[in-house]
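Remarks on the structure that follows.
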Amino acid sequence: MKEHGLTLLRAGWLLPISAPPIQDGAVLVRGDRIIAVGKFREMPTETVSVLLEFPDGILMPGFVNPHTHLENTLFANKIKRDQPFDKWLLQMVRLVRSQSFDDAFASSMEGVKELVKFGVTCVGEFSRLGASFIALREAKLRGVVFKEFICLDDGEAERQLVELKNWLETVEPDRDSLLNVALGPHAPYTVTPLAFKKVLELAEKQNLRLCIHAGESPFERKFVEQREGIWRWWLGGVLRNAPLGLSPIRYLDWLGVLKPETLLVHCVQVDDADIAVLAERKVWVAHCPRSNANLKVGTMPLTKMLAEGVNVCLATDGLASVDSLSPLDEIRFAIKLAQEHPKIYPSLPPNRWLRMVTLDAAAALGVDKFVGSLEQGKQADIAVFRTSSKVKEPFEALLFGAKETALTMIAGKVLKGDSELP
Ligand SMILES: [Zn+2]
């Protein structure tokens, strides 16, 4: 007797992430959930109504990309990615100022296609206009949407907070099991201390997570710590009421925002004292090596950060600073970095890198109970990559051979399947 809606996915290799690889493995899905993971021969094939087979495929949990800017997707053709951060930022400000909501929405939809193509089923999206929230909702992607907040002047803080609260109210009815909302105070240098504290209060009151860009460039550090450098002329008054002499990380700690529910993005320009604070506060750090290299801000001291116990996951950042939203491309670049900077950047085993774009990234977004690994009871968010030849070592085959997915599934629904699927 076949059970309607019971789907079995079989693949040459299964990478559950939370357990060792399984050869000729299968995942049993009922509705939006995984109900069994194991060897194909142990599965109840007589009751399944749909059987999807990928003999040359590698099946794994969908990637979690913890930091994207989908609204910037169409800036990709308008901005030079490979240039110093200060010049890039000026170009970005000009592009952002002239972007309409419709343009941001179209841009986000393009970004979503790119994510699905590369097997990303969950994102940590930094949304300036809220357009990407709507795009993600329509496309039925999973994610946490951090609403960007910038406030350069205390006189504007109250009005901007009202706007933020209004946005939270408007999206409230749309919040379903696939999308969570959260707050994105942009960076230590773009939000006044007073406004930062108000955003923090709001986050605590409404139980919302936080995401902040921090320790990205030497310009930021010079400005936040000493109010020096060229940013003094652009951003002069923002930190008027902030203490002098604190690095961006220690300044955020002074504000009280460093908590396990906080996700910091970049953290390239960090010293030993910063690393100790990050480890002690148990914050998550989203590491974006391709973006950092393109914008020439330095290389994260990842070896030291991991040794000191900092929680680090891997993200692509947006298409204004990188050339794909593929977590596999990000890992490939990180592996190259380790060869170029062996003193500060580690050579990690492939399963460790993959964890940083699945289970760890899910933990950074607070959704690891639901996604990030193939486990009974978790959501059926799945990516399958085809490989060209007989696979002996699935991690290597995935990292060095895989491109687009043969199947991308979110909550048991197929968002992308190649033509060979029934
Ligand atoms: Zn960012």
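The values are calculated or read from the model by the stated rules, or taken from the named source; none is laboratory data. Only a predicted model underlies this, so the values are computations on that prediction, with no experimental measurement involved. Here the Cβ is made from the backbone with ideal geometry for all residues, glycine too, and neighbour counts use every protein chain on show.
A few points about this structure:
- Residues (over 27 Å from Gly119 (Cβ atoms) and more than 13 Å from the ligand (Cβ to nearest atom)) located in the stretch 288-305: Lys296, Gly298, Pro301, Thr303, Lys304
- Residues of the stretch 28-78 satisfying the condition of being of a type in the set (A, V, I, L, M), part of a helix (DSSP H, G or I) and either within 16 Å of the ligand (Cβ to nearest atom) or over 30 Å from Ser100 (Cβ atoms) (or both): Leu70, Ala76
- Enumerated strands (runs of 3 or more DSSP E) restricted to the stretch 305-422, each holding at least 1 residues that are in contact with a Gly (Cβ under 7 Å, 6 or more places away or on another chain): 382-386, 405-410
One line per residue, one yes/no per condition, for (1) closer than 28 Å to Val171 by Cα; (2) outside the structural domain of Lys87 (by TED's automatic domain parsing); (3) outside any helix (DSSP H, G or I); (4) out of contact with any His (no Cβ under 7 Å at 6 or more places or on another chain):
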{"residue": "Phe219", "(1), (2), (3), (4)": "no, no, no, yes"}
{"residue": "Lys222", "(1), (2), (3), (4)": "no, no, no, yes"}
{"residue": "Gly229", "(1), (2), (3), (4)": "no, no, yes, yes"}
{"residue": "Trp234", "(1), (2), (3), (4)": "no, no, no, yes"}
{"residue": "Asp253", "(1), (2), (3), (4)": "no, no, no, yes"}
{"residue": "Leu258", "(1), (2), (3), (4)": "yes, no, yes, yes"}
{"residue": "Val268", "(1), (2), (3), (4)": "no, no, yes, yes"}
{"residue": "Ile275", "(1), (2), (3), (4)": "no, no, no, yes"}
{"residue": "Val285", "(1), (2), (3), (4)": "yes, no, yes, yes"}
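- Scanning the stretch 306-315 for residues that are surrounded by fewer than 23 Cβ atoms within 10 Å (Cβ to Cβ) and either on the phi < 0 side of the Ramachandran plot or within 16 Å of the ligand (Cβ to nearest atom) (or both) yields Leu306, Ala307, Glu308, Asn311, Val312.
- Applying the condition of being of a type in the set (A, V, I, L, M) and within 19 Å of Ser373 (Cβ to Cβ) to the stretch 386-415 and asking which residue is surrounded by the fewest Cβ atoms within 10 Å (Cβ to Cβ) yields Leu399.
- Counted residues, the stretch 249-287 - those being within 16 Å of the ligand (Cβ to nearest atom) and either out of contact with any Leu (no Cβ under 8 Å at 6 or more places or on another chain) or farther than 24 Å from Leu359 by Cβ (or both): 5
- Residue list for the stretch 316-365, restricted to those being within 16 Å of the ligand (Cβ to nearest atom) and of a type outside the set (Ser, Thr, Tyr): Asp317, Gly318, Leu319, Ala320, Val322, Asp323, Leu325, Pro327, Glu330, Ala361, Ala364, Leu365
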